[in-house]
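The values are calculated or read from the model by the stated rules, or taken from the named source; none is laboratory data. Since the model is a prediction, treat every value here as computed from it, not as a measurement. When we count neighbours, we look across all protein chains shown, and the Cβ atoms used for this are built from the backbone with ideal geometry, even at glycine.
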Amino acid sequence: MSIEENKALIFQIFDLLNKRELDAYYALFAPDYIARFPTANFSLEQTRHLDAGLFSAFPDYSVTLDDVVAEGDKVAFRSTFTGTHTVEWMGVAPTGKKMSFALFYISRIVDGKVAEDWGLNDLPLVMQQIGVVPPMGQK
C-alpha cells in the first residue's frame, strides 16, 4: 500500500471508532495484531477486552486525530480521547467527571490492516481527571 493509503486506513479506523462501528473497526486489524506499550503487550483479543471496558466506562467517548505522518509501512499519529466517566472502570466507581488524554501511536500496516502498534498514553492524567489521584504537586 502507498503512504497515502496507509494514512487513509488510520482515518478510516478512527471514523469507525467514533461511529461505534466496532466490528468494522476491528476488521481493520490483522488477526495476529499486537499492541506494544512500555509496560505490556496485548493481542487483538486482549485489546478488544481492554477497549470494551474503556468504551463502557466512557460511553460518550470521542477520539480526534490531531496529527498524522507516514513513511513506508508505518503511520505515526497523535490523537485525543475524551469522555465522561459514567460506569465503573479499573475498580473506580463512576465519578461523572469528564476527562481528556493524548494517545501517541506508530502503526505498522501490512496488506491493508494494522499489524502492530507501538503506543503511549497518559493514564495517570486520566486518574487525576476522574479524581482518583491528586494532581502532581498536591497532597
Residues F11, F42: which one is part of a strand (DSSP E or B), surrounded by 12 or more Cβ atoms within 10 Å (Cβ to Cβ) and of a type outside the set (D, E, K, R)?
F42
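Provide a single number: the residues in the range 21-39 that are charged (D, E, K, R) and in a helix (DSSP H, G or I). Talk me through it step by step, then tell me what you get.
Taking the range 21-39 and keeping what is charged (D, E, K, R), we get 21, 23, 32, 36.
The next check asks that each one be in a helix (DSSP H, G or I); those that pass are 23.
Here the count works out to 1.
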If I ask for residues that are modelled with pLDDT of 90 or more and either hydrophobic (A, V, I, L, M, F, W, C) or farther than 30 Å from K7 by Cα (or both), which ones from the range 103-131 would you list?
L103, F104, I106, I109, V110, V114, A115, W118
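With respect to A27, determine if the residue is at pLDDT 95 or above, of a type in the set (G, A, S) and buried (at least 16 other Cβ atoms within 10 Å of the Cβ). First the steps, then the outcome.
Details: at pLDDT 95 or above: yes; of a type in the set (G, A, S): yes; buried (at least 16 other Cβ atoms within 10 Å of the Cβ): no.
No; evaluated as a whole, the condition is false for this residue.
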